[in-house]
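> Once you've had a glance at the structure underneath, I'll fire off some questions.
The values are calculated or read from the model by the stated rules, or taken from the named source; none is laboratory data. Just so we're clear, the structure is a prediction, and the values are computed from it rather than from any experiment. Note that each Cβ is placed from the backbone with ideal geometry, even for glycine, and that neighbours are counted across all protein chains shown.
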């Protein structure tokens, strides 16, 4: 996925696994067995280059911190129903993935993920997630840092409203930048319970998915939604673009919605639904209203 988006990557926020060095592990192009062995045998902090090809994988456990880099067109496709996800970093494990597509994760509990992150830090660079129940589902530690940059999330979600493009159950921070979300099925493009959530310079389009929120934050925290482009479709499952509340606990720390470009086609759209006792900063948003009933800026 290298070069998918031209927006600059914020180098200061990059997560680098300490001691990561390139390794040659004998992975054969498109051979899932050799890739699985290489991951299982890799030393902590190793950097594994994955040759171009399509790999049929299911619930590949990552016992140690690792960097996976796709060389050319690399697809990790679910070989069948998953228990958790195509890749599953375990407790305490940090993962960095670059230039890899994740496709078709489904599970019996309707929460199959391209990446099911039960570990520490997660960095996703120039990747793509197609038609999974969750693109990324992160259930790791409260100190975890999650960063998504230059990545595509297309057609994810089971369609029941409980699975999403990105779903962070717990983390210190979630940063999404220069990424694209399209047609998330009924769920949210991004759902975050992290203490700090930054959504920057990304594109959100509900068309074809009846998507609910572009961003759902239901445990408060410090939130910035800035410099994004949003297309709110006429048939979106929820009228709001950004939702902020404390229904999942947490504390209201800060809320900024600014410098976004909104194309609204919904008849009763809302830019921000704010259910917390917190005065948000809402400014410099450019709105093109194509909906019959207009777009309200803030509803408390």
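> In the range 128-149, how many are under 24 Å from residue 195 (Cβ atoms) and either touching a residue at least 60 places away in the same chain (Cβ under 8 Å) or out of contact with any strand residue (DSSP E or B) (no Cβ under 9 Å at 6 or more places or on another chain) (or both)?
6
> Looking at the structure I just gave you, is residue 272 surrounded by fewer than 16 Cβ atoms within 10 Å (Cβ to Cβ) and over 24 Å from residue 150 (Cα atoms)?
Judged against the criteria, residue 272 is not a match.
> Moving on to the next point. Which of (1) surrounded by 14 or more Cβ atoms within 10 Å (Cβ to Cβ); (2) within 18 Å of residue 215 (Cβ to Cβ); (3) more than 24 Å from the chain's Cα centre (by Cα) does residue 283 not meet, given it meets every other one?
Unmet condition: (1).
> Checking residue 132 against (1) farther than 19 Å from residue 149 by Cα; (2) outside any strand (DSSP E or B), which test does it fail?
(1)
> Taking into account only those residues within the range 1-52 that are surrounded by fewer than 15 Cβ atoms within 10 Å (Cβ to Cβ) and in contact with a helix residue (DSSP H, G or I) (Cβ under 8 Å, 6 or more places away or on another chain), which is modelled with the lowest pLDDT?
Going through the qualifying residues, I end up with 26.
> Something else: State all residues of the range 192-207 that are part of a loop (DSSP other than H, G, I, E, B) and free of Cβ contacts under 8 Å to residues at least 40 places away in the same chain; if no residue qualifies, say none.
Answer for the range 192-207, where residues must be part of a loop (DSSP other than H, G, I, E, B) and free of Cβ contacts under 8 Å to residues at least 40 places away in the same chain: 202, 206, 207.
> (1) surrounded by fewer than 23 Cβ atoms within 10 Å (Cβ to Cβ); (2) under 16 Å from the mean Cα position of the chain (by Cα): which one isn't true of residue 261, the others all being true?
(2)
> Continuing with this model, one more query. Consider residue 188 carefully, then state whether it is more than 10 Å from the chain's Cα centre (by Cα) and within 23 Å of residue 237 (Cβ to Cβ).
Working: more than 10 Å from the chain's Cα centre (by Cα): yes; within 23 Å of residue 237 (Cβ to Cβ): yes.
Yes.
> For residue 231, are the conditions met, namely being crowded, with 19+ Cβ neighbours inside 10 Å and in a loop (DSSP other than H, G, I, E, B)?
no
> If the requirement is being more than 25 Å from residue 146 (Cβ to Cβ) and either touching a strand residue (DSSP E or B) at 6+ places or on another chain (Cβ under 9 Å) or in contact (Cβ under 8 Å) with a residue 60 or more places away in the chain (or both), which of these qualifies: 242, 257, 281, 298?
Working: 242 fails: more than 25 Å from residue 146 (Cβ to Cβ); 257 fails: more than 25 Å from residue 146 (Cβ to Cβ); 281 fails: more than 25 Å from residue 146 (Cβ to Cβ).
Unique residue meeting the criteria: 298.
> Kindly indicate whether residue 94 is crowded, with 23+ Cβ neighbours inside 10 Å and more than 30 Å from residue 159 (Cβ to Cβ).
When the stated conditions are applied, residue 94 passes them.
> Pick out the one residue from 194, 251, 226, 214 that is farther than 17 Å from residue 175 by Cβ and either in contact with a strand residue (DSSP E or B) (Cβ under 9 Å, 6 or more places away or on another chain) or at pLDDT 95 or above (or both).
Working: 194 fails: farther than 17 Å from residue 175 by Cβ; 226 fails: farther than 17 Å from residue 175 by Cβ; 214 fails: farther than 17 Å from residue 175 by Cβ.
That would be 251, the only listed residue that is farther than 17 Å from residue 175 by Cβ and either in contact with a strand residue (DSSP E or B) (Cβ under 9 Å, 6 or more places away or on another chain) or at pLDDT 95 or above (or both).
> I've got another one for you. Give the residue that is surrounded by the most Cβ atoms within 10 Å (Cβ to Cβ), with candidates limited to residues of the range 145-178 that are in a loop (DSSP other than H, G, I, E, B) and under 9 Å from the mean Cα position of the chain (by Cα).
The extreme case among them is 165.
> Tell me which residues, restricted to the range 246-279, are outside any strand (DSSP E or B) and closer than 26 Å to residue 234 by Cα.
259, 260, 265, 266, 267, 268, 275
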